[in-house]
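The values are calculated or read from the model by the stated rules, or taken from the named source; none is laboratory data. Just so we're clear, the structure is a prediction, and the values are computed from it rather than from any experiment. Using ideal geometry, Cβ is built from the backbone for each residue, glycine included, and neighbour counts are taken over all protein chains shown.
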Amino acid sequence: MYQINDGEITVFGQTDGDTLKQMERTLEDEHAMQGVLCADNHKGYAVPIGGVVAYREAVSPSGVGFDIGCGNKAVLTDMPGAELRTKIDSIMDDIWNTLSFGVGRKNNESVDAELFDSPVWTEPYAKALKDKARQQLGTIGSGNHYVDLFTDEQDRVWIGVHFGSRGFGHGVATHFLKLGGGKDGMDVAPLVLALDSEIGQDYVQGMQLAGEYAYAGRNWVCARVAQLLGAQIVEEVHNHHNYAWSETHNGVEYMVIRKGATPAFPGQRGFIGGSMGEDAVIVEGVDSEVSKTALYSTVHGAGRTMGRNEAKRKIKPEEMNEWLRQKGVTLRGGGLDESPQAYKRLPEVLQHHEGTIRILHTLKPVGVAMAGPHEFDPYKD
């Protein structure tokens, strides 16, 4: 860990010049007080992925990003690992044929939720998105979004998922970026909205509804997969990123945005994935001076070492398949842009956050389902 700019930016692990420049540009706004780059940091749209920013009396739609409330959920089931391994091929076929992976997909099953009664849906921008939101609730999307099956150190089976608010969240972000005069792109200044403005208040309401939507989708998928397994859920760990929280740090109230970064307050548990061929972990935040400097934040994954196009050029299919074979992972979907070789190693990333989290469980992947290699989603953060 090190700090630059008189302590305004705290960096865990390594970062590159472009990512650092993004964070420096972000902190040029008068409302931005402090920034953190977690060890899985890399360049994103306007604000780095793995970036944490504390704002005074303001919120940034660019910082939250397009996939509002994207997050990770892991559930422990009562299925033993031996039973999973025996049935893994048929189970993965069931998951692949039942759930919807890819861009713009509709759920094959009708899913309802109380969130559709929210008064926010009466706003014209939300009303226009409501039918799509109903149809997409419980769909997974593309990119690095997945449904995984794991076993832990006691050979118990866990279900792990990673996805967000689908087309609804993208629509909310797009609406407010346009309304607020924000720019779409990587190397642009983030849009920042005053919290006491009408647009700022409206954005927060839309963001919160998109967050509820993302949670409802992950809840449904985990329950549906448990049903396919014929298993009961006995424990849940649920957390999200791409969101803004009202928090107090050192006696000062902030809106803290975590873009591809996980809240890790003392005692708060989180599920952090690696790649399609690497262990994941259940962690718990701890209290320390380093934790305070991190604004009680940690990574949301391993972080990329290659861009998607670079990975497709450099990684051969047989290299990805051999990695999965050695790890004993059964894959449905997936592409070279999500190959393990395109990612950092999660244990090394987590070491940079030593003193802020403790690992409770290590989860070994057995089955992985992701969108197919030909799906393209321009907004994955």
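A few points about this structure:
- Failed condition for GLN205, given (1) touching a strand residue (DSSP E or B) at 6+ places or on another chain (Cβ under 8 Å); (2) among the polar types (S, T, N, Q); (3) farther than 22 Å from SER297 by Cβ; (4) surrounded by 14 or more Cβ atoms within 10 Å (Cβ to Cβ): (1)
- The residue list THR305, THR298 contains one member that is surrounded by fewer than 22 Cβ atoms within 10 Å (Cβ to Cβ) and either in contact (Cβ under 8 Å) with a residue 12 or more places away in the chain or basic (Lys, Arg) (or both), which is THR305.
- Filtered residues of region 151-185 (kept if assigned to a strand (DSSP E or B) and either out of contact with any Lys or Arg (no Cβ under 6 Å at 6 or more places or on another chain) or farther than 18 Å from HIS238 by Cα (or both)): ARG156, VAL157, TRP158, ILE159, GLY160, HIS162, PHE163
- In the condition set (1) surrounded by fewer than 16 Cβ atoms within 10 Å (Cβ to Cβ); (2) within 15 Å of SER60 (Cα to Cα), ASP155 is compliant with all but (2).
- Breaking point among (1) out of contact with any Cys (no Cβ under 9 Å at 6 or more places or on another chain); (2) of a type outside the set (Ser, Thr, Tyr); (3) modelled with pLDDT of 95 or more; (4) not in a loop (DSSP other than H, G, I, E, B), for GLN3: (3)
- Members of region 104-135 found to be in contact (Cβ under 8 Å) with a residue 40 or more places away in the chain, part of a helix (DSSP H, G or I) and either under 15 Å from TRP220 (Cα atoms) or aliphatic (A, V, I, L, M) (or both), listed by number: LEU115, VAL120, ALA126, ALA133
- Taken over region 232-264, residues that are part of a loop (DSSP other than H, G, I, E, B), in contact with a helix residue (DSSP H, G or I) (Cβ under 9 Å, 6 or more places away or on another chain) and surrounded by fewer than 23 Cβ atoms within 10 Å (Cβ to Cβ) amount to 2.
- Selection of first residues in region 258-281 that are within 11 Å of ASN239 (Cβ to Cβ) and of second residues that are among the β-branched types (Val, Ile, Thr) and outside any strand (DSSP E or B), restricted to Cβ pairs under 7 Å at least 6 apart or on distinct chains, gives the following pairs, ordered by first then second residue: ALA264/THR356.
- Candidate set: region 173-187, residues that are of a type in the set (A, V, I, L, M, F, W, C) and under 22 Å from the mean Cα position of the chain (by Cα); chosen: the one nearest to GLY211 (Cα to Cα): ALA173
- Checking each residue in region 192-230 for being over 21 Å from the mean Cα position of the chain (by Cα) and within 20 Å of GLY69 (Cα to Cα) picks out VAL192, LEU193, LEU195, ILE199, GLY200, GLN201, ASP202.
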